[in-house]
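Read the structure below first, then the notes.
The values are calculated or read from the model by the stated rules, or taken from the named source; none is laboratory data. What you see is a predicted model; the values in this text were computed from it and never measured. Neighbour counts are summed over all protein chains in view; Cβ atoms, including those assigned to glycine, are modelled from backbone coordinates with ideal geometry. Quick note on the areas: whole protein, heavy atoms, side chains included, nothing else; ligands and nucleic acids left out. Shrake-Rupley method; radii C 1.70, N 1.55, O 1.52, S 1.80 Å.
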Amino acid sequence: MADHDITSPLLPPSSSSSDSDHVILTVDPVDSATALPNPFAFIGCGEAPSVPAPVTVDPFRNDTPRMEGLYEFVRTVVCLPLAVARLVLFGLCLAVGYVATKIALQGWKDKENPMPKWRCRVMWVTRCCARVILFSFGYQWIKRKGRPAPREFAPIIVSNHVSYIEPIFYFYELFATIVASESHDSLPFVGTIVRAMQVIYVDRFSPSSRKHAIKEIKRRASCNRFPRVLLFPEGTTTNGRNLISFQLGAFIAGLPIQPVIVRYPHVHFDQSWGNVSLGMLMFRMITQFHNFLEVEYLPVISPLDDKETAVHFRERTARAIASALNGVQTGHAYGDIMLYMKAQEAKQENPSSYMVEMTRLESLFHIRSLEAVEFLDKFLAMSPDPSGCAQYDGFLRVSRLRDCPLSEKVFAFIDTERSGTITFRQFLYGSAHVMSQPGFHEACEVAFAECGGAVKDYIVEQELRDFIQHANPGWKENEVHGLFELFDKDNDGRINKDDFLSCLKSNPLLIAFFTSHQQHNESGCNGVIEIV
């Protein structure tokens with residue numbers, strides 16, 4: 001072999017070579033889906049997480065959402081006169097209970113302390129009316145198993161939540177203080193009765209409201225002069241066959257808890273609220289000969305010691321209830337109902353497929369239910385097909401992006417199955433994954449500064465156009481204008497910092513287009529490399 005020095009040519013000259021010779025290497029192109037690099041690597045973001053398949057258990061599905069069959073039709077017709085009598089009885093009891101409650105509340109202004117005993121005795125009239133109301137809904141008798149523990153041994157009661165029937169039953173049976181949404185206070189007639197129960201109001205979407213509610217739960221449960229505190233830790237109704245995630249409110253106080261479970265045995269009519277309207281549920285109840293309700297009081301569960309966390313206490317209680325129900329606990333939460341209702345309003349073919357088990361998603365990415373609903377609004381605007389899949393062009397239209405290699409990379413990032421379409425779960429998981437990266441917020445701040453926000457506290461369209469066209473060559477003026485309109489929420493011709501950061505938080509995938517330090521190759525590769 002000949003010796004070569006550093007100045008020797010790597011390739012020997014051929015007889016046909018000339019001074020301008022060069023070598024052309026042809027490289028076979030690889031599949032574009034696997035060749036596209038991660039467009040979010042600059043913020044420390046790894047590949048998009050694989051999206052778990054939807055669970056087969058739907059804890060909200062009602063078994064009999066519609067009246068079907070000859071028996072149902074005949075029974076409804078036969079029971080119509082009975083339904084009229086029951087409605088009259090219901091109205092009469094509601095009126096009597098309302099008057100008795102008004103008398104019990106008359107002149108009582110100290111709502112922070114327990115209701116005086118004489119007022120509680122007046123409330124017995126309302127409680128008896130509640131039992132007659134249950135009778136009017138077809139619950140002539142109620143099967144009980146076990147007994148309520150004395151208040152001093154179990155100041156807090158938790159129960160699964162299936163229908164609007166349980167609050168009425170517990171009002172009659174226990175006259176407990178319940179934790180409920182503020183919206184209940186404005187209900188006609190019922191709101192007055194709710195106030196007499198010294199309800200602890202909570203706004204589930206307000207951290208300060210939830211903190212105040214937890215403080216009140218602990219204060220009232222620790223004082224034997226107050227009624228026991230009743231909570232539905234699921235936060236919404238289910239079909240009663242399984243449980244969804246429990247909220248922590250009942251367990252933070254660290255006081256003994258008595259779990260209670262309710263069952264509604266049925267053959268023709270599932271009494272769970274589920275995806276049935278309240279009016280239809282009530283109508284079917286009063287046109288039944290009899291509705292079955294079983295209530296089981298489970299043994300009291302106490303904290304193991306002072307070191308047991310509220311999370312572990314909650315898990316032990318949930319296991320006890322799930323075991324008694326012979327069911328499972330899923331990762332669903334109230335946010336899943338919000339997603340379901342939004343998909344149902346949009347007339348999606350399978351709205352259940354839009355539920356994502358919000359509790360698990362929140363633990364992974366710290367995304368809240370309202371944020372997930374906003375992402376669903378965007379996904380539905382992409383016009384998904386009946387199977388719930390959105391196309392690439394719909395993604396571009398809603399995101400105000402142009403068809404370019406970088407847009408293809410962003411779409412491929414969330415298209416984890418490489419199918420050419422995306423589902424809502426993929427869109428949500430991919431967006432939440434990007435938004436949860438430690439470098440995301442800093443990248444948003446830097447993007448605002450580099451677009452012109454470092455000099456003043458706002459950006460005009462020309463500055464955004466200059467930045468986008470420099471970082472992503474090929475964008476036209478009208479395409480940048482569409483992106484500007486997405487950020488300019490108040491249509492004042494400028495984007496302030498709060499609007500800029502808020503828009504990127506709502507559309508985290510757009511951060512890939514605001515990276516001047518990482519130029520994205522728009523031209524791609526034609527599979528030919530020339531070595532001169």
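Condition first: open to solvent by less than 10 Å² (accessible area, probe 1.4 Å) and either part of a loop (DSSP other than H, G, I, E, B) or in contact with a Ser or Thr (Cβ under 8 Å, 6 or more places away or on another chain) (or both). Now tell me which residues in segment 255-267 satisfy that. Before the answer, list the steps.
Let us first name the residues in segment 255-267 that are open to solvent by less than 10 Å² (accessible area, probe 1.4 Å), namely 257-262.
Across segment 255-267, the qualifying residues are I257, P259, V260, I261, V262.
Can you spot a residue in segment 375-389 that is over 20 Å from F513 (Cβ atoms), polar (S, T, N, Q), open to solvent by 50 Å² or more (accessible area, probe 1.4 Å) and part of a loop (DSSP other than H, G, I, E, B)?
yes
Name the residues in segment 233-254 that are open to solvent by less than 40 Å² (accessible area, probe 1.4 Å), of a type in the set (A, V, I, L, M) and either part of a loop (DSSP other than H, G, I, E, B) or within 17 Å of P303 (Cβ to Cβ) (or both), would you?
Within segment 233-254, I244, A250, A253 qualify.
Have a look at A83, A130, A53, A100 and point out the one that is among the small types (G, A, S), surrounded by 13 or more Cβ atoms within 10 Å (Cβ to Cβ) and over 23 Å from S163 (Cβ atoms). Let's see the steps before the verdict.
Numbers: A83 fails: over 23 Å from S163 (Cβ atoms); A130 fails: over 23 Å from S163 (Cβ atoms); A53 fails: surrounded by 13 or more Cβ atoms within 10 Å (Cβ to Cβ).
Going through A83, A130, A53, A100 in turn, the sole match is A100.
Could you grab me the full set of residues in segment 467-491 that are over 17 Å from A512 (Cβ atoms) and open to solvent by 80 Å² or more (accessible area, probe 1.4 Å)?
Once the filter is applied, which keeps residues that are over 17 Å from A512 (Cβ atoms) and open to solvent by 80 Å² or more (accessible area, probe 1.4 Å), segment 467-491 yields K476, E477, N478, E485, K489, D490, N491.
Restricting to segment 354-370, name every residue that is surrounded by fewer than 18 Cβ atoms within 10 Å (Cβ to Cβ) and either charged (D, E, K, R) or touching a residue at least 24 places away in the same chain (Cβ under 8 Å) (or both).
Going residue by residue through segment 354-370, those that are surrounded by fewer than 18 Cβ atoms within 10 Å (Cβ to Cβ) are 360, 363-364, 366, 368, 370.
Selection gives R360, L364, H366, R368, L370.
Quick one: would you say T76 is farther than 24 Å from A130 by Cα and surrounded by 13 or more Cβ atoms within 10 Å (Cβ to Cβ)? Steps first, please.
Numbers: farther than 24 Å from A130 by Cα: yes; surrounded by 13 or more Cβ atoms within 10 Å (Cβ to Cβ): yes.
It is true that T76 is farther than 24 Å from A130 by Cα and surrounded by 13 or more Cβ atoms within 10 Å (Cβ to Cβ).
Spot the failing condition for V158; the list is (1) among the hydrophobic types (A, V, I, L, M, F, W, C); (2) under 20 Å from T126 (Cα atoms); (3) not in a loop (DSSP other than H, G, I, E, B), and only one is missed.
The one condition V158 does not meet is (2).
Suppose we filter segment 419-445 for residues that are assigned to a helix (DSSP H, G or I) and either polar (S, T, N, Q) or over 15 Å from E371 (Cα atoms) (or both); how many remain?
Just the residues of segment 419-445 that are assigned to a helix (DSSP H, G or I), to begin with: 424-435, 440-445.
Filter once more, keeping what is either polar (S, T, N, Q) or over 15 Å from E371 (Cα atoms) (or both): 426, 431, 440-445.
Residues that pass the stated criteria total 8.
Go through the residues of segment 458-465 one by one and say whether even a single one is in a helix (DSSP H, G or I), of a type in the set (K, R) and either farther than 28 Å from N350 by Cβ or more than 34 Å from the chain's Cα centre (by Cα) (or both). Lay out the reasoning, then the answer.
Just the residues of segment 458-465 that are in a helix (DSSP H, G or I), to begin with: 461-465.
Keeping just the survivors that are of a type in the set (K, R) gives 465.
Of the ones still in play, those that are also either farther than 28 Å from N350 by Cβ or more than 34 Å from the chain's Cα centre (by Cα) (or both) are 465.
Yes, segment 458-465 has at least one match.
For segment 206-232, which positions are of a type outside the set (G, A, S), open to solvent by less than 90 Å² (accessible area, probe 1.4 Å), over 19 Å from V194 (Cβ atoms) and assigned to a loop (DSSP other than H, G, I, E, B)?
Once the filter is applied, which keeps residues that are of a type outside the set (G, A, S), open to solvent by less than 90 Å² (accessible area, probe 1.4 Å), over 19 Å from V194 (Cβ atoms) and assigned to a loop (DSSP other than H, G, I, E, B), segment 206-232 yields only C223.
Among what's in segment 149-159 and is touching a residue at least 24 places away in the same chain (Cβ under 8 Å) and out of contact with any strand residue (DSSP E or B) (no Cβ under 7 Å at 6 or more places or on another chain), pick the residue that is least open to solvent (accessible area, probe 1.4 Å).
Here is the first cut: in segment 149-159, the ones touching a residue at least 24 places away in the same chain (Cβ under 8 Å) are 149, 151-159.
Those left that are additionally out of contact with any strand residue (DSSP E or B) (no Cβ under 7 Å at 6 or more places or on another chain): 151-153.
Values: R151: 29, E152: 120, F153: 127 Å².
Top of the filtered list is R151.
Six or more apart or on different chains, Cβ atoms under 6 Å: show the pairs whose first residue is in segment 257-282 and of a type in the set (K, R) and whose second is open to solvent by 20 Å² or more (accessible area, probe 1.4 Å).
Correct list of pairs: R263/E294.
If I ask for residues that are buried (at least 19 other Cβ atoms within 10 Å of the Cβ), among the hydroxyl-bearing types (S, T, Y) and more than 23 Å from P116 (Cβ to Cβ), which ones from segment 160-199 would you list?
The one that is buried (at least 19 other Cβ atoms within 10 Å of the Cβ), among the hydroxyl-bearing types (S, T, Y) and more than 23 Å from P116 (Cβ to Cβ): S163.
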